[in-house]
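Below: one structure, written as structure tokens.
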Amino acid sequence: MGGNNISILRRGRPIAHEIILAACVTFANLIILFIIYDGRHYLELPSSPIQTSIVIIAMMVAVLIWRHYIYNRMHNECEDRHGRKEHNNDTFMHMLFPYWYRISCGLMFLGNCLLPMQFLFSNNLLDSGTGDPYRFNLLCAICYGFVFTMIGLNILADSTVFITKKIVGWTQYQHLRVLFSSRRWNNLRAPLVFSLSAKIVLSGALIAKQDPVVVQITVPISHLPHSLENFRIIQLSDVHIGVTVGRTRVKKVVDIVNDLCSGSDDKCDLIALTGDIIDGEPPGLMKAIEPLANLCPNENVPKLFVPGNHEHLHFIVDHVVTVLSKVGIDSLVNDNIRLPMDEARNNQLVVVGFDDLSSRQYKDKEKQAFDGIDAEKDVTVLLAHQPNHLKVAESYGVDLMLSGHTHAGQFFPGTIGAWLFNSRFSGYYPSRGKTAIYVSAGTLWWGPPVRFSTRHHEITDIRLVRSQ
């Protein structure tokens, strides 16, 4: 076959038609969002025509590839007795709803809009009046999560068949060949992947709707002075204000923290915000972060922020520092501070703040951050967004490191990447030598309001005690 007879889908549709379809879907998405978001006022294209073209072409390619993969894996195929592939149009789902897989494609097209729209419509993701996300944003995000999960499960199914074929071998297990090459497997695969994806996303959305849970942990430190016994840290991480998280959610987090800090006999000594607090800068951002001004209103309680990768993705960090300072949150970037901030300066705890690993300015700034610290005498707590800072923390003799970033995987298949690419996944890891680390599962969420791999968002209540 040549020219327009080359088919990107086994259905036989020419590749030129597929490219035209992807272009139509892309521009239809742009037009719909232009109308919904009143794009006459809010459309913000990249600065140059070349960048704009790259974004639009990338959307077309994504639509084309995703549609190709979803169609071929969800619109079932099986082998006839001569080994030739044929379409299996008599599946259970086909009988139930002849064009059910088109629902998947429709959700995919809608979900595919979200991330590019962060750049093309970055000025209108939050309602500037209420500071909350538009419902259409939440719908796009959930659809994106559905497609992402469906692709992950399809890849998992493909990997299972591949490993069975290549590593286990057909010759030893003929019944597996019968299973994976039969209509029974192909009849089962598509509805199983579709229903499991729906289960993960819908149940994950219900979990995400719940309020954060307070997780209490106790960290023993051998050389903790008696004056710092029960020093209390409240950790917030990965709030991601700006795309699908708005004012209502932020206010709820603030209310929970203030309830924790309200007891006169059980005071809070430090609020630690370990990165990815702000994610994007729509007009409603300042309205959304207003509740942070009421975060633990006691002026004697320091509120310290360190940047995450999303602050670097969207901003120059100095701008984030300025925005947060307006609501009373101080930043600690490659620097340290001693607490309590009294005149005696005795028996103080040293808090160190790292910039994120994604920062170009991070390299060789560790020494600056640890300037004036005696690892043998000082009790040191490091705030660093990514747990991959752990080796550096150990080399400087840090007693406790607080991180986030992983979201405990949030939902499949992101769980696999979070586990593979981070030195620690989630929760408390006691000291193997000197440094203990706690990795927050996240106070809220990134992107799709879906949480499946963990059963809750969290606000972490940490107490330091002297080990026996």
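Quick one: if the Förster radius is 35 Å, what FRET efficiency do Leu202 and Asp318 give, using the C-beta to C-beta distance and rounding to 0.05?
Result of the calculation: an efficiency of 0.30.
For every other residue with a beta carbon closer than 13 angstrom to the beta carbon of Gln210, add +1 if it is Lys or Arg and -1 if Asp or Glu, then tell me the sum.
Local net charge: +3.
Label segment 409-468 by shape, choosing from rounded, prolate and oblate, from the square roots a ≥ b ≥ c of the eigenvalues of the Cα gyration tensor; if a/c is under 1.5 it is rounded, and otherwise prolate applies when a/b is larger than b/c, oblate when it is not.
Oblate.
Just to verify a number: what accessible area does Glu394 come out at with the full protein assembly present, 1.4 Å probe, Å² rounded to tens?
Near enough 90 Å² of accessible area.
When only the heavy atoms of the protein chains count and the probe is 1.4 Å, how do Arg466, Arg455, Arg432 rank by accessible area, highest first?
Solvent-accessible surface, decreasing: Arg432, Arg455, Arg466.
Under a crude label model (7 Å from the Cα following the beta-carbon direction), how far is Phe162 from Lys326 in nanometres?
Computed distance between label sites Phe162 and Lys326 equals 4.9 nm.
From the square roots a ≥ b ≥ c of the eigenvalues of the alpha-carbon gyration tensor of segment 366-468, which class results: rounded (a/c under 1.5), prolate (a/b over b/c), or oblate?
Values: a/c = 2.40, a/b = 1.94, b/c = 1.24.
Prolate shape, in that a/c is at least 1.5 and a/b is the bigger ratio.
Report Tyr134's accessible area, 1.4 Å probe, all protein chains in place, as a number in Å² to the nearest 10.
80 Å²
Kindly provide the trypsin sites (Lys or Arg not before Pro) of segment 276-331 that DSSP labels as loop, not H, G, I, E or B, and whose Cβ sees at most 16 other Cβ atoms within 10 Å. Present the calculation step by step, with values, prior to reporting the outcome.
Working: sites: Lys287, Lys303, Lys326; in loops: Lys326.
Passing sites in segment 276-331 are Lys326.
Find the accessible area per residue for segment 196-270; the probe is 1.4 Å, ligands and nucleic acids are left out, and the unit is Å².
Value for segment 196-270: 43 Å² per residue.
Using packing as a proxy for protection, rank 245-252, 157-164, 234-241 so that the peptide with the highest average count of other Cβ atoms within 10 Å comes first.
Going by the mean number of other Cβ atoms within 10 Å, highest first, we get 234-241, 245-252, 157-164.
What are the ³J(HN,Hα) couplings of segment 411-419, residue after residue, when phi is run through the Karplus curve with 6.51, -1.76, 1.60 and θ = phi - 60°? Round to Hz, x for glycine and proline.
In residue order, the calculated couplings are 7, 5, x, x, 4, 5, x, 5, 6 Hz.
Where in segment 409-429 is the amide nitrogen less than 17 Å from a point lying 7 Å along the Cα-to-Cβ axis of Arg455?
409-411, 427-428
At a 1.4 Å probe radius, which order do Ser395, Ser358 fall into by accessible area, largest first?
Correct descending sequence by accessible area is Ser395, Ser358.
Using a simple spin-label model with points 7 Å from Cα along the Cα→Cβ vector, what separation in nm is obtained for Lys367 and Asp255?
5.0 nm
Among Lys377, Lys434, what's the order by accessible area (1.4 angstrom probe), most exposed first?
Numbers: Lys377 155, Lys434 75 Å².
Sorted descending by solvent-accessible area, the residues read Lys377, Lys434.
In whole Hz, what ³J(HN,Hα) sequence does segment 217-228 give by Karplus (6.51, -1.76, 1.60; θ = phi - 60°), x for Gly and Pro?
Listing the rounded values in order: 9, 10, 10, x, 10, 5, 9, 6, x, 4, 5, 9 Hz.
Which percent of the accessible area of segment 351-460 is formed by carbon and sulfur heavy atoms (probe 1.4 angstrom)? If you can, show how the numbers build up before the last one.
Details: 2370 of 4490 Å².
Solvent-exposed carbon and sulfur of segment 351-460 make up 53 percent of the total.
The values are calculated or read from the model by the stated rules, or taken from the named source; none is laboratory data. All values derive from a computational prediction rather than experimental measurement. Glycine gets a Cβ as well: all are built from the backbone with ideal geometry, and neighbour counts include every protein chain shown. Protein only, heavy atoms only, side chains kept; ligands, DNA and RNA dropped before computing areas. Shrake-Rupley method; radii C 1.70, N 1.55, O 1.52, S 1.80 Å.
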